[in-house]
Amino acid sequence: MADLRIQLAGIASPNPFWLASAPPTNTGYQVQRAFEAGWGGAVWKTLGDPIINTSSRFAAIHFNGQRVAGFNNIELISDRPLEVNLKEIYETKKRFPEHALVVSLMVEPKREKWHEIVKKVEAVGVDGLELNFGCPHGMAERGMGAASGQQPDLVEMQTMWVKEAARTPVIVKLTPNITDITATAKAAVRGGADAISLINTINSLAGVDIDTWNTIPHVGGKGAHGGYCGPAVKPIALNMVAECARNPLVGVPISGIGGVSSWRDAVEFILMGSTGVQVCTAAMHHGFSIVEDMIDGLNNYLDEKGLKSVNELIGKSVERYSDWGDLDLNYAVVARIEQDTCIVCNKCHIACEDTSHQCIERHIDDTGAAYLKVREEDCVGCNLCSIVCPVEGAIEMVEVPSMEPALSWNQRQAAIASLGKSNDSDDGDKKEAV
């Protein structure tokens, strides 16, 4: 059995699975039950100024039979008194000293406010702090959360203020509601952040009831944008984690968040540079016990790979993530249909004929049976046929040898520019203005 223990910026955890700051970490009762179930750590639901929440708060997107493909909420930070939270944090840490207990914080962008809450929270024995610069609703209208997180100068300044008072590691939680998340990640690092966590939720409206015309959710007939999370946001989160992981100006540990629902999702985030992951929606959907499958699955995967520790996985795919301009333009794959497996449903033929490159032909054999065949010389390897195919393994994407050497767009442009300079040099004094 592999070693699942991690150290995130000095915060020790028995495994890489933490509950994210959210409804599942609202009370000591919940966090202690989560630790009993096997979670390695938890980020306590954000503490801040007194809050009044609304009813209702949550909504979900169900897609093609899958419940909770996406999740939307308009709930704010903890609406319980600070002193009650601090008492329960103290009791929880005392009972579970080996688990990672981090507390999420959000206050007005004032130096004295940050110093005050940092001292109060650290006094009860937490392992670290997570600065919430990500919540997109409610608090942002008051200048906190994403309103701060969208401005690199405010992220840097407030992180610096926290570091002035903090004695435990400081994690800065980033908003995805920004053009380039590495801008705020670098600002957090300049401010002294020991680690970053991402992503927080994405601005969203879950839907509109076409009978009542109310938004989903609504509060007495009125709606407001909320934060979107769950499996649907995983590709967005994974890209942002990868962009931060491969940026040399970021260079701090990452706690990956965004649609993590299984051990496989966790492995992907860790391969892309996360030291550990934080989970919310999956726990809200299935309960705390899902961590058992996550731990077993990760253990089995590491054993199959012959790895002794989960730390050997961290960042192993980062170097394989690049810019489009660095991709080999001469690399090629084509689709091949396994005739013994294909059920001739025609979905690949229709998809290719209507929306791709018209290279899957429908034929009739000597017995009168229909079959599908790819015209490989016209296939561009777009993957669409294999994506829409309902039968696993019926269409395989196969690498084919290229007659040309590897050449990226950037290399091509550099070669052209070099050729132009050479011609300019050959022209010498003969060049004339036109």
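Entry remark, segment 196-206: residues being crowded, with 24+ Cβ neighbours inside 10 Å and more than 15 Å from PRO248 (Cβ to Cβ) number 5 in total. Of all residues in segment 349-390, exactly one satisfies the criterion of being open to solvent by 70 Å² or more (accessible area, probe 1.4 Å), within 16 Å of VAL333 (Cα to Cα) and touching a strand residue (DSSP E or B) at 6+ places or on another chain (Cβ under 7 Å), namely LYS373.
In the set (1) closer than 18 Å to ALA185 by Cα; (2) in a helix (DSSP H, G or I); (3) in contact (Cβ under 8 Å) with a residue 12 or more places away in the chain; (4) open to solvent by 20 Å² or more (accessible area, probe 1.4 Å), the condition left unmet by CYS135 is number (2). For first residues located in segment 44-66 and over 23 Å from MET144 (Cα atoms), partners that are hydrophobic (A, V, I, L, M, F, W, C) and surrounded by 11 or more Cβ atoms within 10 Å (Cβ to Cβ) and lie 6+ apart or on another chain with Cβ distances below 6 Å form the pairs ALA59/ALA206; ALA59/ILE216; ALA60/VAL68; ALA60/PHE71; ILE61/ALA69; PHE63/ALA69.
Go through segment 207-222 and give me each residue that's without any contact (Cβ under 8 Å) to a residue 60 or more places away in the chain and either in a loop (DSSP other than H, G, I, E, B) or crowded, with 22+ Cβ neighbours inside 10 Å (or both). Outline the logic, then answer.
Going through segment 207-222, the residues without any contact (Cβ under 8 Å) to a residue 60 or more places away in the chain turn out to be 208-215, 220-222.
Across segment 207-222, the qualifying residues are ASP209, ILE210, ASP211, THR212, TRP213, ASN214, GLY220, GLY221.
When segment 58-83 is limited to residues that are of a type outside the set (A, V, I, L, M) and closer than 18 Å to THR27 by Cα, the one that is nearest to the chain's Cα centre (by Cα) turns out to be GLU75. Among the residues of segment 279-333, the ones that are among the aliphatic types (A, V, I, L, M), out of contact with any Lys or Arg (no Cβ under 7 Å at 6 or more places or on another chain) and part of a helix (DSSP H, G or I) come to 11 in all.
In summary, GLU130 fulfils each of the numbered conditions (1) in contact with a helix residue (DSSP H, G or I) (Cβ under 9 Å, 6 or more places away or on another chain); (2) within 25 Å of GLU75 (Cα to Cα); (3) modelled with pLDDT of 95 or more; (4) not aromatic (Phe, Trp, Tyr) with the single exception of condition (1). Report the residue count in segment 313-337 for those that are more than 30 Å from CYS389 (Cβ to Cβ) and surrounded by 15 or more Cβ atoms within 10 Å (Cβ to Cβ). Number of matching residues: 4.
Can you tell me which residue among GLN150, GLN158 is more than 21 Å from the chain's Cα centre (by Cα), in contact (Cβ under 8 Å) with a residue 12 or more places away in the chain and more than 19 Å from GLY251 (Cβ to Cβ)? Step through it out loud before you land on a result.
Details: GLN150 fails: more than 21 Å from the chain's Cα centre (by Cα).
Exactly one residue qualifies, and that residue is GLN158.
The values are calculated or read from the model by the stated rules, or taken from the named source; none is laboratory data. Just so it is clear, the structure is predicted and the values come from calculations on it, not from any experiment. Because the Cβ atoms are built from the backbone with ideal geometry, glycine has one as well, and the counts that use them run over all protein chains shown. Keep in mind that these areas ignore ligands, DNA and RNA; they rest on the heavy atoms of the full protein, side chains included. Shrake-Rupley method; radii C 1.70, N 1.55, O 1.52, S 1.80 Å.
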